[in-house]
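Accompanying notes for the structure given below.
The values are calculated or read from the model by the stated rules, or taken from the named source; none is laboratory data. Note that this is a predicted model, so its numbers are computed, not measured. Here the Cβ positions follow ideal geometry from the backbone for every residue, glycine too, while neighbour counts run over all protein chains shown.
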Amino acid sequence: MTALEIVRIPVLSDNYVWLVHDPESRATMVVDPAVAEPVLAVAATRGWTITDIWNTHWHPDHTGGNAAIKEATACTITGPAAEYARIPTLDVQVQGGDTVRLGNHVASVWDVPAHTAGHIAYHFADDGAIFVGDTMFAMGCGRLFEGTADQMFANMQKLGSLDDATRVYCAHEYTLSNARFAVTVDPHNEALAARLAAVEAARAAGEATVPTTIGAERATNPFLRAASAAELGRIRALKDAA
Ligand SMILES: [Zn+2]
C-alpha cells in the first residue's frame, strides 16, 4: 500500500480543507470543503479527479462546497447520518463503527459529538492519520455548540489513546490563539511554552501549523490534558470568554 498524499488547502479566513489522494487507485477525497473553487483548482493542478467528499459535521464552513464539487465531478458525498437533515447533499450516511474506503485505504468512523450533536471523525489507522473536523485543534478543542463537556472529555480521552505519531488533521488555523490561551491555564508547562514560541515564529513567517500530532497534543493541549470533564468544561468556559 502506497502512502496517501495529503494536501492542505487554506480557504476563507482560517479554514483548512484537506485533499487526500491514493496514488494506487487514484481515488481522491476532500475533507470538509468549505468552498469549491480553490479545491477544484488544486485537484486540477495535480491532475487528480475528486471521487469523494467526506464531511465531519454540518456547519456551512465544512459543507459549503459540497454541491458545486459534486456538480463538477459527480463525486460521492459521505457524512454523519445523525446530521443528514442538515446536509441535504449527502449520498452515504455513516456513524461510529462504520468503515469508509479511499482506494485501498480504510478509515474507521468515530462518533465525536459535542461541537455538533452528530460530529464524526475519520481514522486511517494504517496510515497513522485522523481527520477530526472541529473536535480537536492544535492546543485546543471545538466549542460545545450542541453537546457537553462530558462528551468532549470522552472524545479527548479517545483521541489521547492513539499513538503519539498519529497526525491530527483539524479544520482551522487556530493554533496561535489557542497557544496564547493555553499558557494561561498551564503556566508551568515547558513543552507548551516552547511550542508557543515555535508557533509565534511560524505564524510570523506565514507558515501553517497543522497537522499536529497526538504526541504534541498530549504534551501541550489543556483540553486533552484535563483530568476530568469538569476541568475540561471549566477551561472551555474560560476560553469562550477570552
Ligand atoms: Zn464547526
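Regarding Y84, is this residue crowded, with 19+ Cβ neighbours inside 10 Å, of a type in the set (S, T, Y) and out of contact with any helix residue (DSSP H, G or I) (no Cβ under 6 Å at 6 or more places or on another chain)? Give the steps one after another, and end with the answer.
Numbers: crowded, with 19+ Cβ neighbours inside 10 Å: no; of a type in the set (S, T, Y): yes; out of contact with any helix residue (DSSP H, G or I) (no Cβ under 6 Å at 6 or more places or on another chain): yes.
Here the answer is no, as Y84 does not meet what is asked.
For first residues located in segment 179-192 and farther than 18 Å from M136 by Cβ, partners that are among the basic types (K, R) and part of a loop (DSSP other than H, G, I, E, B) and lie 6+ apart or on another chain with Cβ distances below 7 Å do not occur.
For segment 187-215, the set of residues classified as surrounded by fewer than 17 Cβ atoms within 10 Å (Cβ to Cβ) and either in a loop (DSSP other than H, G, I, E, B) or under 18 Å from the mean Cα position of the chain (by Cα) (or both) consists of P187, H188, A205, G206, E207, A208, G215, listed by residue number.
A single member of G133, G147 is out of contact with any Leu (no Cβ under 7 Å at 6 or more places or on another chain), within 16 Å of the ligand (Cβ to nearest atom) and either under 22 Å from V11 (Cβ atoms) or of a type in the set (K, R) (or both), and it is G133.
Of the strands (runs of 3 or more DSSP E) contained entirely in segment 60-163, those carrying at least 3 residues that are under 26 Å from V183 (Cβ atoms) fall at 129-133. Can you spot a residue in segment 89-109 that is closer than 17 Å to K158 by Cβ, buried (at least 20 other Cβ atoms within 10 Å of the Cβ) and either within 16 Å of the ligand (Cβ to nearest atom) or at pLDDT below 95 (or both)? Within segment 89-109 (the criterion being closer than 17 Å to K158 by Cβ, buried (at least 20 other Cβ atoms within 10 Å of the Cβ) and either within 16 Å of the ligand (Cβ to nearest atom) or at pLDDT below 95 (or both)), the answer is no, since none of the residues qualifies.
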